[in-house]
Amino acid sequence: MNPPSSPRVGPTARGAQWLLLLGAVAAVLAALWLQLRSDRETPEAILARQLDAQIVDRPAPPLEGKARDGTTVRLEDLRGKVVFVNFWATWCPPCRKEIPDLEELAADLKGLPFEILAVSADQSWADIDTFFAGKPTAMRVVLDTTQSGAHRYGTEKLPETYVVDARGRVRLRFVGIQPWTDERIHRYLEWLASGG
């Protein structure tokens, strides 16, 4: 008696097996590619993707404004610090809404070489004084009544925020209100302040 023979695999079944094998190989290669890509992704790229920010890599345009005491504050004088340049105004509802988060961000990063330069488009200090109601702020607030700084940066609407590194290069641009208390932003700024 002859042993039973194994069933014959026809050309159609063999093709399906090859397709399954090729699909599995493609899936493994895609997973490896994604892992390699994320390992090489810069902190800017990760944050930009997660929070819809724009990556910028250019020297920061000149920027200056008048402080409450009448002195001129220049961005270049803050070289060596990571500077959050925030263009805002008291008459802008989204700007007003994000100020508490910016205050919290400044407080949380106190002790690091980090500063928030809040450049107001208001026409006088009276509106700013009323807005802060005599309370101190952790931000460095300056007045730019002509909005020349915002124009140099290419600001389209308020609020807009630019991250300038310690060497004076713009790294990221955020348009509109943002979740400034988000831990991902804090980690990124800590990394940048430590020489990233």
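The table that follows gives values for the structure above.
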item: Only Lys, Arg (+1) and Asp, Glu (-1) charged, at Cβ; segment 106-149 dipole about Cα centre in debye; result: 160
item: Environment charge of Ile128, counting only residues whose C-beta is closer than 9 Å and scoring Lys/Arg +1, Asp/Glu -1; result: -2
item: For Gly196, residues with placed amide H under 5 Å, excluding near neighbours; result: none
item: Global form of segment 64-133, assessed from the alpha-carbon gyration tensor, a/c cut-off 1.5; result: oblate
item: Label point distance in nm, Glu64-Thr146, each placed 7 Å from Cα along Cα→Cβ; result: 1.1
item: Neighbour net charge for Ala138 - beta-carbon separation under 13 angstrom, K R +1, D E -1; result: -2
item: Rounded accessible area per residue of segment 56-190, 1.4 Å, Å²; result: 47
item: Local net charge near Asp57, Cβ-Cβ under 14 Å (Lys/Arg +1, Asp/Glu -1); result: +3
item: Pairs from Lys66/Lys97; Lys81/Lys110; Lys97/Lys157 whose Cα-Cα separation, in the structure shown, is over 19 Å; result: Lys66/Lys97
item: Pairwise FRET efficiency - Ser124 versus Glu76, Cβ, R0 = 35 Å, nearest 0.05; result: 0.85
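The values are calculated or read from the model by the stated rules, or taken from the named source; none is laboratory data. Computed from a predicted model, the values in this text were never measured in an experiment. Every residue, glycine as well, gets a Cβ built from its backbone with ideal geometry; the counts of neighbours run over all protein chains shown. Note: accessible area is taken over every heavy atom of the protein model, side chains too, but ligands, DNA and RNA are not part of it. Shrake-Rupley method; radii C 1.70, N 1.55, O 1.52, S 1.80 Å.
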